[in-house]
Amino acid sequence: MNVIDAAQQMGLSYPGGIEALAMRMGKNPTVLRSKLNPNCTTHGLMLEEAVHMQAITGRCDIVMAMASDLGGIYVAQDAGADTGLSAQNAVAALNEVRRWLRTLDGLEVDSISLQDAKAIEGLLIDVSARLQSSLSQITRHTPR
């Protein structure tokens, strides 16, 4: 799904539709409807508006479509999760990576499904983000 289709779908599926979403955003409903219409060339959704839409709806469809268009994936950080990486958490994350690597060992790159490749990419991004967060916390608490 492309970015505009994702934005339009978010607006249409919002309780009360685009009109209700526009009110929550402080926008004119007609203008927002035009911005979410893939056939309208006179109006375009601004990045700030896309972020605001996603914050209001609690959905990340637009950023997920952006990532997909760029050949990547979007991985949300669990808001309730402890961003610090304990030793147990680090071992568990690295064991998950090790499990995937064992599964892939000996496979031809062409035989890996797109779904598995995206799952592995997401896992590695998640582990990398958790390790980076841990490093940042250590750095902040290290005397200079």
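The values are calculated or read from the model by the stated rules, or taken from the named source; none is laboratory data. Treat the numbers as computed from the prediction; the structure is a model and nothing was measured. Using ideal geometry, Cβ is built from the backbone for each residue, glycine included, and neighbour counts are taken over all protein chains shown.
If you go through the stretch 25-52 and keep only what is hydroxyl-bearing (S, T, Y) and not in a helix (DSSP H, G or I), you end up with T41, T42.
This table checks each residue for (1) in contact with a strand residue (DSSP E or B) (Cβ under 8 Å, 6 or more places away or on another chain); (2) surrounded by 10 or more Cβ atoms within 10 Å (Cβ to Cβ); (3) under 30 Å from L12 (Cα atoms); (4) at pLDDT below 75.
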residue	(1), (2), (3), (4)
V75	no, yes, yes, yes
N89	no, yes, no, yes
R99	no, yes, no, no
S111	no, no, no, yes
K118	no, yes, yes, no
E121	no, yes, no, no
D126	no, yes, no, no
R140	no, no, no, yes
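Taking the listed residues A67, A55, A22, the one that is among the small types (G, A, S), buried (at least 17 other Cβ atoms within 10 Å of the Cβ) and in a helix (DSSP H, G or I) is A22, with no other qualifying.
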